[in-house]
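What follows is calculated from the coordinates using simple rules that are stated; it is not laboratory data. A quick note: this is a predicted structure, and the numbers were derived from the prediction, not measured.
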Amino acid sequence: MTAYRTLDPEGVKHFLAARRDLAERLGGEAQDWTVREVSDGNLNLVFLVFGPSGTLCVKQSLPHVRVDPDWKMPLDRTAFEAAWLRRIEPLAPGLTPAFLDFDPEQFVLTMECLNGFVTLREALSKGADPIAPSRILGGFVARSAFLTSYFAQPFEAVAPDLAFFSGNTTLTRITVDLVLTDPYREHPRNHWLPALDADVAAMRADPRIIARIGALQERFLTTPQALLHGDLHSGSIMISDRDVRVIDGEFSLYGPIGFDCGLYLAHLAVAHAATNDVARKEALTAAIRTFWRTFCSDFLYLWKTQANGADLYTPTTFSNAPHELDTLRAHFISGVFHDAAGFAAAEIVRRLIGYAQTSDFDHIQDEQSKADRQRVALSFACDLLRDAPADIDAFTERLRQDTDLPSTTSPETT
Ligand code: SR1
Ligand code: MG
């Protein structure tokens, strides 16, 4: 047993030099390797390592939140990320980094290096096409959710994963607090632009919004439909000219499938609210529809073709009522959409007024203009919480109505 030590670039070299398989991927000797720290998220250390014949990504959890050393935290999150990666990689080939190694004493996950990729958030902010990655992401969520659910496997196969990922209590607590609780109470972690004071007060005073948030809390904690990524925002997705990879599965847990869908939709909607370029808004709206439609068609295709051996909606049960099965499938998908719209709204709210905010509005230098854009995003989210849209067309129509701003001449750079 080697006591845990936080890595620095030299420590990364020592760590890798002691692991022959990993060192051989890099080629040469430790002195030939270059280590670059690229830690960017809130929680962990991340290093990219370059050798004469290969590259690696090394990720280590810290005993605290990376961006707040006073916020202490157990180390086990990389263990959950490693388990998520090993579970999901074969189900969605080529859409995650390749898993290479996990060290349970140093809490170090080593995986494929995504050098040359950028986060989807950064790519979108620079005008990248949102539609092609959204199609891939719709397929990714459909496959990862369906194939880890009771729809694809007997309950005995689900049970070990359900038990294991239920242990991810530290990061589940963060989601429960930061996404589903803090924005609706006074808490020192919250912060927002002063111009939004009245909007936040009105949101918290609206009984329909509070009732919906309560229902979402219940869905999140009591609906273990599938293994979720658990933090599927646009910073958890990396893209290159040709490829998409879903990273950072440390928040993984069994939960409602609409949670992953909703987080992805939320970040497209936030990008939509953050621009006043009409063509860009149209592309983001099309991406929202593409994500959802791909998710639905791929999930239903899998359900019709890969449900052998599952204990839900078994063919024998429906042999005398095959049309009922189609009705129930449509009903299930509607339920996922209902959850997705609610979780999308909760995610938008927390990225505007909670602890971990989004950078989507950072290009707007004038504070009043920024507050105006954030207000329409907040009002879209509140609208979704007050009155759930029936389907994706109603969702995008609300987005159009709530966030279409007239062109502004205010000082901003894009
Ligand atoms: C303290 S962690 C804050 C946020 O960062 C992660 O990426 C998750 O989104 C989490 O809610
Ligand atoms: Mg992350």
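A few remarks follow.
- In the chain, lysine pairs closer than 26 Å at Cα, eight or more apart or cross-chain: 5
- Averaging the Cα positions of each part gives two centres, and for segment 351-383 and segment 1-79 these lie 34 Å apart.
- The rule of thumb for compact globular proteins, 2.2 N^0.38 Å, goes into the C-alpha radius of gyration of segment 72-168 1.26 times.
- Segment 246-265 and segment 219-242 have their alpha-carbon centroids 3 Å apart.
- Cα-based shape type of segment 9-111, given that a ≥ b ≥ c are square roots of the gyration tensor eigenvalues and the cut on a/c is 1.5: oblate
- Projected over all directions and averaged, the alpha-carbon convex hull of the chain occupies 21.2 nm².
- Averaging the Cα positions of each part gives two centres, and for segment 186-217 and segment 296-311 these lie 38 Å apart.
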